[in-house]
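To keep things clear, I will list the structure first and then write my remarks on it.
The values are calculated or read from the model by the stated rules, or taken from the named source; none is laboratory data. This one's a predicted model, so the numbers in the text were calculated from it and none came from an experiment. In this analysis, Cβ positions are derived from the backbone assuming ideal geometry, glycine residues included, and neighbour counts consider all displayed protein chains. Protein only, heavy atoms only, side chains kept; ligands, DNA and RNA dropped before computing areas. Shrake-Rupley method; radii C 1.70, N 1.55, O 1.52, S 1.80 Å.
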Amino acid sequence: EIMLRVDRLNAAVQDLLEYAKPMALQKSTVRLSDVLDSALSTLLHDPRLRGVEIVRDYRQPMEVETDVTFLERAFINIILNAAQAMKSTGTLRIGLETTGTVAVISFQDTGPGIEPGTLGKIFNPFFTTRSEGSGLGLALCKKYVEMLGGKINVVSEVGAGTTFSISLPMDPALG
């Protein structure tokens with residue numbers, strides 16, 4: 001019990017340090033499907049994903065110039081959030097599509113959805129609905145995505161699930 005609390009506190013402190021520190025980007029050209037697959041393989045043995053069916057709906061191969069480390073962290077955070085929202089049972093559809101100049105990565109879960117009153121607060125630092133949460137996961141996601149020149153959006157319907165989407169600018173030369 002005490003060790004569990006120490007672990008949680010430690011995780012919260014790590015998140016806080018991560019949130020507060022200035023970040024230097026190391027950009028490279030990557031295929032988004034590779035970054036998603038890498039994030040998913042990192043989580044392969046995570047018990048929180050045990051009962052979650054992952055559907056990869058990658059419509060087009062897309063390359064972006066980005067910082068892989070930060071982007072993968074954002075993906076992992078969103079995937080874990082979805083798994084926790086679904087109580088580790090349900091379907092998570094990960095979509096990849098492009099509008100030409102923007103790459104859109106979407107994470108659609110079959111969880112309980114987010115109450116409208118909560119929806120506006122989910123990216124606020126320290127806001128959490130879970131007793132074990134630090135409330136920094138989605139705040140970090142937003143920070144990473146915006147740092148990479150992108151946007152993060154959420155659409156949710158109570159009783160039907162939630163979709164997080166990340167839009168990243170594409171380099172036209174990479175096509």
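General remarks:
- The residues of the range 112-158 that are of a type in the set (Val, Ile, Thr), surrounded by 15 or more Cβ atoms within 10 Å (Cβ to Cβ) and not in a loop (DSSP other than H, G, I, E, B), listed by number, are Val145, Ile152, Val154.
- Of all residue pairs spaced 6 or more apart or on separate chains, those with beta-carbon atoms under 8 Å, a first member in the range 74-94 that is part of a helix (DSSP H, G or I) and a second member that is of a type in the set (Ser, Thr, Tyr) and modelled with pLDDT of 95 or more are Ala82/Thr162; Ala85/Thr162.
- With respect to the conditions (1) modelled with pLDDT under 95; (2) in contact with a strand residue (DSSP E or B) (Cβ under 7 Å, 6 or more places away or on another chain), Leu44 lacks only one, and its number is (2).
- Hey, Thr163 modelled with pLDDT of 95 or more, farther than 23 Å from Ala24 by Cβ and open to solvent by 70 Å² or more (accessible area, probe 1.4 Å) or not: no
- Among the candidates Ala39, Ala24, the residue that is at pLDDT 75 or above, open to solvent by 70 Å² or more (accessible area, probe 1.4 Å), closer than 19 Å to Leu140 by Cβ and among the small types (Gly, Ala, Ser) is uniquely Ala24.
- Check on Val64, in a strand (DSSP E or B) and modelled with pLDDT under 95: yes
- Top-ranked residue in the range 95-104 [being open to solvent by 20 Å² or more (accessible area, probe 1.4 Å) and assigned to a strand (DSSP E or B); ranked as farthest from Ser33 (Cα to Cα)]: Val102
- Selection status of Leu4, assigned to a helix (DSSP H, G or I), modelled with pLDDT of 75 or more and open to solvent by less than 80 Å² (accessible area, probe 1.4 Å): no
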